[in-house]
Amino acid sequence: MALHVHPTIASLKPYSPGKPLSELERELGIREAVKLASNENPWGPSPKALQVLEKASASLHRYPDGGAHELRQALANKWDMPNDQILVGNGSDEIISLLVKTFLAPGDEAVMADLTFVMYRLSVQGGHGVSVEVPLKNWTHDLSAMVEAVTARTKLFFICNPNNPTGTMLSTNEIDSALAKIPGHVVVVLDEAYYEYVRDAGYQDSLRYVRDGGSVVVLRTFSKIYGLAGLRVGYGITTPEIAGYVNRVRPPFNVNSLAQEAAKAALLDDEHVTKSRAMNEAEMTFLEEGLSKMGFKTVPTQANFIYFDVGIDGAAMYNALLREGVIVRHIRGSMIRVTIGQPTENRRLLEALEHVMPSLSKSA
């Protein structure tokens, strides 16, 4: 019997999370592979988060707090926002999907960059909406062109800042100018998954858009600098009205007990955040210099990854590095995204690149 699948679902390609280390080592018969593909914190999770997990595990026979009240209050305290304006999700990915479910009817549009976090497009198309993808300009969101793409059918407007996979940043002035031109029926989603890594002084607190009552959702996560990617917990800060509607479609118990307890503890671990940021900056400089010496063009980044041009087929480079035991991310064309790892991992990457480039250049 033929399945009747909606055309927008049938046309989607599933998200590819990349190879886990164990699978790569088993497939290729290698040991001590390094993964620099998923923008995880290479220094591990917050120590304070680890300390609470054993105690929290004793209550796993109970359902988690369905409203994540204590976690939302902790976030409210940190950001000086009322807790009824805090959304929590199974990663910020889930909140993106909930926003699509809440605001997009079939055929409605969502504006986004054409090279940005892939879950925007997947969620929109999976919700039978239309993704309006606007090309980047100098590897950065072209906000003027994105604003021009807004129509009466536009319901969501995604800005990833810093952008994944390019690492580029939009300044507060640029976002101010764009938001002033976006009509009120459009919900603007400011995805700030890499917020804690930004060094540029032009990047300022976007929560003021929410405090001013704009139709804005600011997304952040515990998966990056806090090192809790395996527990899947993200959050959004928005208006009471938007939060109220999203909570109508949010599944009960969507954030598990361990994730809630670890996130509360990690939120208080300023030492881990400061250390992780400092290590990232130091290794970013090392990697950028190393890649530049090898002739690769890097895109200036404000995140914990580097987007660079290998000058040849990126898929071939990705596969060659796999055989060297280094997992990176091929995005498109000749472009590779690599997570900034620990010193030994970054040196392993540079050594692998030096080893594979001569043969790849000959075959190009």
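The values are calculated or read from the model by the stated rules, or taken from the named source; none is laboratory data. All of these numbers come straight from a predicted model, not from anything done at the bench. Here Cβ is always computed from backbone atoms with ideal geometry, including for glycine, and neighbour counts include all displayed protein chains.
Sort through V34, V111 and tell me the only one that's buried (at least 22 other Cβ atoms within 10 Å of the Cβ), of a type in the set (V, I, T) and under 30 Å from E351 (Cβ atoms). Talk me through it step by step, then tell me what you get.
Working: V111 fails: under 30 Å from E351 (Cβ atoms).
Criteria check complete, one pass: V34.
How about region 107-152: which of its residues are of a type outside the set (G, A, S), touching a helix residue (DSSP H, G or I) at 6+ places or on another chain (Cβ under 7 Å), more than 23 Å from Q302 (Cα to Cα) and part of a helix (DSSP H, G or I)?
Those that are of a type outside the set (G, A, S), touching a helix residue (DSSP H, G or I) at 6+ places or on another chain (Cβ under 7 Å), more than 23 Å from Q302 (Cα to Cα) and part of a helix (DSSP H, G or I): V124, Q125, V147.
Give V132, V210 a once-over and let me know the one that is touching a residue at least 40 places away in the same chain (Cβ under 8 Å), hydrophobic (A, V, I, L, M, F, W, C) and in contact with a strand residue (DSSP E or B) (Cβ under 8 Å, 6 or more places away or on another chain).
On inspection, the qualifying residue turns out to be V210.
Of all residues in region 167-187, which are surrounded by 12 or more Cβ atoms within 10 Å (Cβ to Cβ) and under 17 Å from T140 (Cβ atoms)?
G167, T168, M169, L170, S171, T172, E174, I175, D176, S177, A178, L179
Give the residue, chosen from E283, E261, that is more than 21 Å from the chain's Cα centre (by Cα) and either surrounded by 15 or more Cβ atoms within 10 Å (Cβ to Cβ) or within 30 Å of G214 (Cα to Cα) (or both).
Working: E283 fails: more than 21 Å from the chain's Cα centre (by Cα).
It is E261.
Among the listed residues G290, G295, which satisfies the condition of being at pLDDT below 95 and either surrounded by fewer than 24 Cβ atoms within 10 Å (Cβ to Cβ) or part of a helix (DSSP H, G or I) (or both)? Step through it out loud before you land on a result.
Numbers: G290 fails: at pLDDT below 95.
Every option except G295 fails the conditions.
Determine, yes or no, whether L104 is under 25 Å from K224 (Cβ atoms), touching a helix residue (DSSP H, G or I) at 6+ places or on another chain (Cβ under 9 Å) and in contact (Cβ under 8 Å) with a residue 24 or more places away in the chain.
Criteria not met by L104.
Can you spot a residue in region 33-41 that is more than 29 Å from K264 (Cβ to Cβ), in a strand (DSSP E or B) and not assigned by TED's automatic domain parsing to the domain that holds A149?
yes
Is it the case that A320 is modelled with pLDDT of 95 or more and part of a helix (DSSP H, G or I)?
no
Residues checked against (1) closer than 20 Å to A243 by Cα; (2) free of Cβ contacts under 8 Å to residues at least 40 places away in the same chain:
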position: N164; (1), (2): no, no
position: L170; (1), (2): no, yes
position: N173; (1), (2): no, yes
position: D191; (1), (2): yes, no
position: Y195; (1), (2): no, yes
position: V198; (1), (2): no, no
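What about G127, is it on the phi > 0 side of the Ramachandran plot, in contact (Cβ under 8 Å) with a residue 12 or more places away in the chain and surrounded by 18 or more Cβ atoms within 10 Å (Cβ to Cβ)?
Working: on the phi > 0 side of the Ramachandran plot: no; in contact (Cβ under 8 Å) with a residue 12 or more places away in the chain: yes; surrounded by 18 or more Cβ atoms within 10 Å (Cβ to Cβ): yes.
No; evaluated as a whole, the condition is false for this residue.
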